[in-house]
Amino acid sequence: MKFLDPRLFRISRSSRGLILIAVFSAISITFATIAQAFLLAELITGAFQRELKFPALQTSLTLLIVVFAARVIFTYVGEQFTNQISHRIRVDLRRALFNKILTNGAEFNVHFGPGRISLISTKAIANLEPYFTRFVPQIFIATSIPLFVGATITYLDLTSGLIILFTVPLIPLFGVLIGKYTSEAMRKRWRTLGILSGYVLDLLSGLTTLKLFGRDQAQGKQVEEVGNRYRVETMKVLKISFLTSLALEIIATLSVALIAVAIGLRLVDGEFELWRALVILILAPEVYWPIRNLSAQFHASADGMQSAKDLFEIIDFPTPEHKGTTKLGDIERISWRNLQINYQDREPISLPDGDFESGKLNLITGPSGTGKTTLVNIFLGLLKPDIGDIQITDSKGVHDFIEIDIDSWLVNISWVPQDPHFPSGSIKEFFKLSSPEATNLEIDGVLQHVGLHRISLNQPVNLSVGQKRRLAIARALLHSHQVLIMDEPSAALDPESEASIVEILREQADAGKLVIVISHRADLISHADKVFSVEKVQS
C-alpha cells in the first residue's frame, strides 16, 4: 500500500529539510533510548542487587539524566523543525496550486467546479499538516528504532530476538488490513464533503431565485440530508480509528508480555542475569511503540494521501493545448461535426452537427444536461472534444479550430456566463477589468443602453440580481468583439427588461456579429434566426 506520494516532496525544496530532520531526530532518539535502558538497568541492579551507595551510582544517575534530557530535546527540536518545514511545504503546494488556477482557472472551473476547487485549496492542504508533522516523521522513527533496538535485544538474548522477529510483523499487518477500511471510509467522507461544499455554493449563488419561487425550504432539507451523510461517514472513520488503536495495543501488550514471561522463567531458574533482563524489558516496548503508533496514525496517512490525490488532480491536470498559429480576420461562421465529450462519473455527451453564422441571432436550446454549456465551453477553448472537429470561417478562408492562434480567437469574444461573478470594488473598476481603455462616457453609454439609469460609476457592485445581470451584459457589449456569447441572458429579468435584451441581441446580429445565446425563453426563441436544439445525451 502506498503511504508516501513522491510528488509532495518533489514540488517543494523544503521537503528535503523535513526528511533530514526526521532522519536525524529518529536516529538520535534511537541511540538515546538504548543508552537510557542500559543506564537505568545499571542503576537498578547496582542499587538493589549489588547494594552500591549513592556516590557510586552518581555517575550513572547523572548520565541517565543527561540522556533523558537529550531524548526530550531531540524530540522537541525535531517536532518544532518539522512543524516549520511542514508549513513551508504547504505554502509551496498552495502557491503551485494557485499558480495553476490563475493560469488555467476557467478550464478548472469547468472541470472541477468552484466548490471543489475551494475545498481542495483550503481543507485539502490543511489536511496535509498532520500528515507531514506526525505521519512522515513517524515512518523514519518506526524504521530506525525497532531495527536498532531489536538488534540490541537479539544481541543480549536470542530467544527474545526471535519472539520480536515473529510478533513485530503482526502490527503492520493488522494495521494495513484495518487501514484498508479506513482508507475507503475516508474516500467516501471526502467525496461527501466535496458534494456538500459544491451544493452549498450553488445554493448560495441561486438563493434569491429559490426564494422567489418558494423553494428555499426544500433546499435546506437537502443540505441537512447531505450534512447528515457527512456526519455518519465521519463517525465511521473515527470508529475504525479507535478499533485500530485497540487492536494494535492488544497485540503489542501480548507481545511484550510473551517476552517478559520467557525472561521471567529463566530468571527464576537462575539462567539469566538481572541487568540483562532489565535492559530487554525496558527496550521491548520501544520496539512495538513506533510501529504501533505508525499504524494507529494510518488515518492521517489516508487523509493526507487522499488530499494529495485531489491536489495533484488539479496541479497535474492536462489543460487543453492550443498550438495553432493562424491569425483570424473577420469571423463569418463556426461549424462543428461529430462532437463527443467524455466526462468522469457521467455519461458522455454527443452533440449533433451544426453551424452558426455571423449576422444572425443563433440560439441553443434543449433540456438541462444535454450539452448546451458544454458546446459553448468548447467554443471558448475551455474543453477539448474527445471526438470530432470544429472549423472557423473568416475572411481568409476555412480553418480547423486546432490550427487557430487561440488568443486571436478569444480576444474577439465577449462572454456572459449563466452566473456571472462580480469582484469587490466599484462599477467603474468592474468595467476596467475587461476594457481598461474605456472612458467614463463610454461606460455611461452602455449602462444606459441596457437600462441601468442613474447608476454612479463610483458606487460598489451592490445591485439586485436583475441589475447585476444587465451589468454583466453591459460589460460584454463594451468590450470590442466579433463574437457575442451569452448563457441565459434574460434570467431573473422582468418582461420589459427581457424585451430590451432581445432588442440588444437583435442589434448585435444586425451589426454583423456572431451572436450565440443559450436560452429556454419563448421570447428569445421566437426572435432567433436559427435555433440549434440539443437533445438527450446519446451514449
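The values are calculated or read from the model by the stated rules, or taken from the named source; none is laboratory data. Because the structure is predicted, anything quoted here is derived from the model rather than measured. We place every Cβ from the backbone using ideal geometry, glycine too, and count neighbours over all the protein chains shown. The protein model used for the area step is the full one, side chains on, heavy atoms only, and it has no ligands, DNA or RNA in it. Shrake-Rupley method; radii C 1.70, N 1.55, O 1.52, S 1.80 Å.
Which numbered condition in (1) at pLDDT 90 or above; (2) more than 34 Å from the chain's Cα centre (by Cα) is the only one that Met486 fails?
Failing condition for Met486: (2).
With respect to Ala124, determine if the residue is open to solvent by less than 30 Å² (accessible area, probe 1.4 Å), in contact with a Ser or Thr (Cβ under 6 Å, 6 or more places away or on another chain) and either modelled with pLDDT under 85 or not hydrophobic (A, V, I, L, M, F, W, C) (or both).
Yes, satisfied.
Can you find even one residue in the range 220-238 that is at pLDDT below 75, surrounded by fewer than 19 Cβ atoms within 10 Å (Cβ to Cβ) and among the polar types (S, T, N, Q)?
Scanning the range 220-238, I find at least one residue that is at pLDDT below 75, surrounded by fewer than 19 Cβ atoms within 10 Å (Cβ to Cβ) and among the polar types (S, T, N, Q), so the answer is yes.
Taking the criterion of being in contact (Cβ under 8 Å) with a residue 60 or more places away in the chain, open to solvent by less than 80 Å² (accessible area, probe 1.4 Å) and not in a helix (DSSP H, G or I), would at least one residue in the range 66-87 satisfy it?
no
How many of the residues making up the range 9-31 are at pLDDT 85 or above and open to solvent by less than 60 Å² (accessible area, probe 1.4 Å)?
Counting residues in the range 9-31 that are at pLDDT 85 or above and open to solvent by less than 60 Å² (accessible area, probe 1.4 Å) gives 3.
Can you go through Ile364, Ile378, Ile331, Ile390 and tell me which one is within 21 Å of Leu505 (Cβ to Cβ) and out of contact with any Asp or Glu (no Cβ under 6 Å at 6 or more places or on another chain)?
The match here is Ile364.
Okay, residues lined up against (1) modelled with pLDDT of 85 or more; (2) open to solvent by less than 60 Å² (accessible area, probe 1.4 Å); (3) more than 26 Å from Ile364 (Cα to Cα):
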| residue | (1), (2), (3) |
| --- | --- |
| Ile413 | yes, yes, no |
| Ile443 | yes, yes, yes |
| His453 | no, no, yes |
| Ser480 | yes, no, no |
| Ser497 | no, yes, no |
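For the range 407-498, which fully contained helices (runs of 4 or more DSSP H) count at least 1 residues that are touching a Pro at 6+ places or on another chain (Cβ under 9 Å) and among the charged types (D, E, K, R)?
Qualifying helices (runs of 4 or more DSSP H): 427-432, 465-478.
Looking at the range 356-375 only, could you name the residues that are assigned to a strand (DSSP E or B) and open to solvent by 20 Å² or more (accessible area, probe 1.4 Å)?
Once the filter is applied, which keeps residues that are assigned to a strand (DSSP E or B) and open to solvent by 20 Å² or more (accessible area, probe 1.4 Å), the range 356-375 yields Glu357, Thr365.
Would you be able to say whether some residue in the range 376-389 is part of a loop (DSSP other than H, G, I, E, B), open to solvent by 20 Å² or more (accessible area, probe 1.4 Å) and without any contact (Cβ under 8 Å) to a residue 24 or more places away in the chain?
Checked the range 376-389: no residue is part of a loop (DSSP other than H, G, I, E, B), open to solvent by 20 Å² or more (accessible area, probe 1.4 Å) and without any contact (Cβ under 8 Å) to a residue 24 or more places away in the chain.
Of the residues that make up the range 32-47, is at least one over 23 Å from Thr152 (Cα atoms), open to solvent by 30 Å² or more (accessible area, probe 1.4 Å) and in a helix (DSSP H, G or I)?
Looking for residues that are over 23 Å from Thr152 (Cα atoms), open to solvent by 30 Å² or more (accessible area, probe 1.4 Å) and in a helix (DSSP H, G or I), one finds at least one in the range 32-47, hence yes.
Testing Gln344 on (1) at pLDDT below 80; (2) surrounded by 16 or more Cβ atoms within 10 Å (Cβ to Cβ), one condition comes back false. Which one is that?
(2)
Just need a number here: residues in the range 293-329 that are modelled with pLDDT of 75 or more, in a helix (DSSP H, G or I) and among the charged types (D, E, K, R).
Counting residues in the range 293-329 that are modelled with pLDDT of 75 or more, in a helix (DSSP H, G or I) and among the charged types (D, E, K, R) gives 3.
Return the only residue of Leu254, Leu281 being assigned to a helix (DSSP H, G or I) and buried (at least 16 other Cβ atoms within 10 Å of the Cβ).
Leu281
What number of residues within the range 390-406 are under 21 Å from Gln340 (Cβ atoms), acidic (Asp, Glu) and part of a strand (DSSP E or B)?
Qualifying residue count for the region: 1.
Within the range 48-65, count every residue that is open to solvent by 100 Å² or more (accessible area, probe 1.4 Å), without any contact (Cβ under 8 Å) to a residue 24 or more places away in the chain and closer than 19 Å to Leu278 by Cβ.
So the answer is 4.
Among the residues of the range 503-532, which ones are more than 41 Å from the chain's Cα centre (by Cα) and open to solvent by less than 10 Å² (accessible area, probe 1.4 Å)?
Ile504, Ala509
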